[in-house]
Amino acid sequence: MWQNPSTNQPANLYRVPVSWCSVIGTPAASASNTDSILNQRLITTSNRIFINPAGMNFISAAHPPGTHFPKIPDLDTAGGAGNLLLTIHPIPHYLDYRPVYDFSDFREFQNLVHRCKAGWEAQGGWHGIVVVNVGRYLIASDPVFCQMGVEDLECFLTGVRTSHTPTTTVGLAGCEYQVRSIVTWTCHDGIATVSDNALFLDTVNEQTVGHELGHALSLLHVCPELTSCAPMNLMNPIAVGGSPGSITNIGISNNDLNSARRAASYVPNVVVDPPEKVELGDIVEVSKLDAIFENSSIPSYADLSALKVIYNKSDDTVSFGQEIAGMLPDKIPKKLEYWTLVNTDNKSTGATKDLLTSIGVPPTESHGIDLVMKAEPVSVQPQVITIDKDPFVWQNVTLKTSAWGFRNGNVTELPSEGFFRTFVVSSSVLPANLFVQPGSTPVQPPAPTALYQIFYVFVPVQHLDLSTTKSFLVQAMITNSTGQNTALDSLVNSTIEKEGGARLILENTAYPIVYFPNGNTAQSPGTVNVTVEGISPESNITGSFDRQIMIQSTTQTTGKAEIAFPIPANATEGFHSLTFIQDGTAITAAGEVYVKTKVDCENLSTPEQCKK
């Protein structure tokens, strides 16, 4: 069993699913083996950085019938296909100990992530952490950039910068923070974008992917002021390298280890591996996307991005959330309301239109509504909070919630509670040719930036009549009128219009897996017996120890394979991943084996190995 180095106590291993995508125009997307390239990045990241220090193994979220990591279009190719454009806000603000220059436009970041999720939704839905393989990061043309007290070469020569400037960044990432107090918070639904490995060649340790996955699991920079306070820490914003292709700051502090593991436990469909069994984590999440930025007349706080439904098995609660495309304004518009309508039994019974109108529901074609919830932001109070030593302005939202149940032609007001989460992105993006004028203040990395919010309502589970085995229909609408409500945005597509809502089901996703029927300890060199399950039937599979290919096999008609897996002689002491990739796909089965390099003569079945 894995031993937590911060407590010296045994703890569970986590297999964290990653929903990879690649942007068309990047080297990975153009290659014939895109799935293999992206899977190898996960395998390397896990084995070089996370498995032994943190007890975490990042695995492919692909599972039958979906077979490939989506390739998504780049709709803004002004800076080159596959690249990601950002805009620097020209006016610095001061936060605690340093001046901060924020990036004011992350729209392409949000669009790429949204298209990645859409690609997974077409295959049944995304799971775990969403990661997008992009090209280079560019700062978009900005004529006022040269007035910021900093200079790049174009500013120096012309006084106005009009071209897209490459940056030294290799990733942007973050997660949805739920702040319960100034010092108590949790991190959910991590997202990352990382530069294509062919452009930055960090092939030895994959520190780039590891660093951004750290952000997606709540970790912020250990040295936000860009000092050398922790030069070998994974979360240092400055890459420390030896030879090209080998970034060496891959250490994880005990505090970061425990923060990341806590965030991993909240990842939807995380696989938990206690001794002698494998089980899925407590969080089950299903979502339905809506188009974003499709109507320029709608403010971002009224632009529905996704509907989310979360079942927490540990406290037996179901929460319904609406993700919006931006942040609330400091002054809340009058009667801004987020409505969620649920048909729990797929029948036409439930609320009549008159009953829905009586509680203020906007006009809708949804039918058979058994449950209605409303979240109404009533105030916004900015406050400075600190997450992982990095202070930033947090928008504290007070939510008023209401819920109603409908049965036998009657309406009953139900108890409800609300909470909100804010997606916060971390970045250290500076132009590659940036230099500071003599006597001016050095530019520091941007503070963590809040991009958008999610408003949740939950009611006691006994009022829901939901299960993990049957589907239900959900509609979401946003209004802010003072008279008869009219939805500014709602879930819209032909199927939703026909059925009256998005059809969802709260069920865990079972990933292919590697079992160890005789225990997961092995000698180097030697073999360990493994059973592979969940791969497509009669498929060729390739088994790797870390990144080293060791064996090839074929699954049975049940998708199962029993294999004596060889442990290489050059293996080091500790945990290592065994990964079986279904050839030509992104589907993998993963497990972890503990390798011993010293011969255990007392328990060895062939004691002659101990003889000198």
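Quick notes
- Bins of 10 Å, starting at 0 and running to the largest distance - Cα pair percent for region 246-375: 10, 25, 29, 22, 10, 4, 0
- Region 552-595 and region 292-368: distance between their alpha carbon centers, rounded to Å: 44
- Residues whose amide H comes within less than 5 Å of that of L491, counting only those at least five positions distant or on another chain, are A476 (H built at 1.01 Å from N in the peptide plane).
- Going from the residue with the fewest nearby Cβ atoms within 10 Å to the one with the most, V595, V532, V378 rank V378, V595, V532.
- Placed amide H near T317: partners under 5 Å, 5+ positions off or other chain: N312
- Dipole moment magnitude, nearest 20 debye, region 513-610 about Cα centre, only Lys, Arg, Asp, Glu C-beta charged: 120
- Whichever lysines have a C-alpha closer than 20 Å to that of K308, once near sequence neighbours (fewer than 8 apart) are set aside: K117, K288, K374, K400, K470
- Amide H contacts of A239 (H built 1.01 Å from N, under 5 Å, at least 5 apart or other chain): none
- log₁₀ of I(q)/I(0) at q = 0.13, 0.15, 0.19 Å⁻¹ - region 513-610, Debye sum with one point per alpha carbon: -0.44, -0.57, -0.84
- When T527, T26, T585 are sorted by how many other C-beta atoms sit within 10 angstrom of their C-beta, beginning with the fewest, the order is T527, T585, T26.
- Low-density loop positions, trypsin sites (Lys or Arg not before Pro), region 294-399 - DSSP coil, at most 16 other Cβ in 10 Å: K313, K331, K334, K335, K347, K389
All of the numbers you see were taken from the coordinates with simple rules; none came from a lab. Bear in mind that the values here come from a model prediction, so they are computed numbers and not experimental data. Don't worry about glycine lacking a Cβ; one is built from the backbone with ideal geometry, like all the others, and counts go over all protein chains shown.
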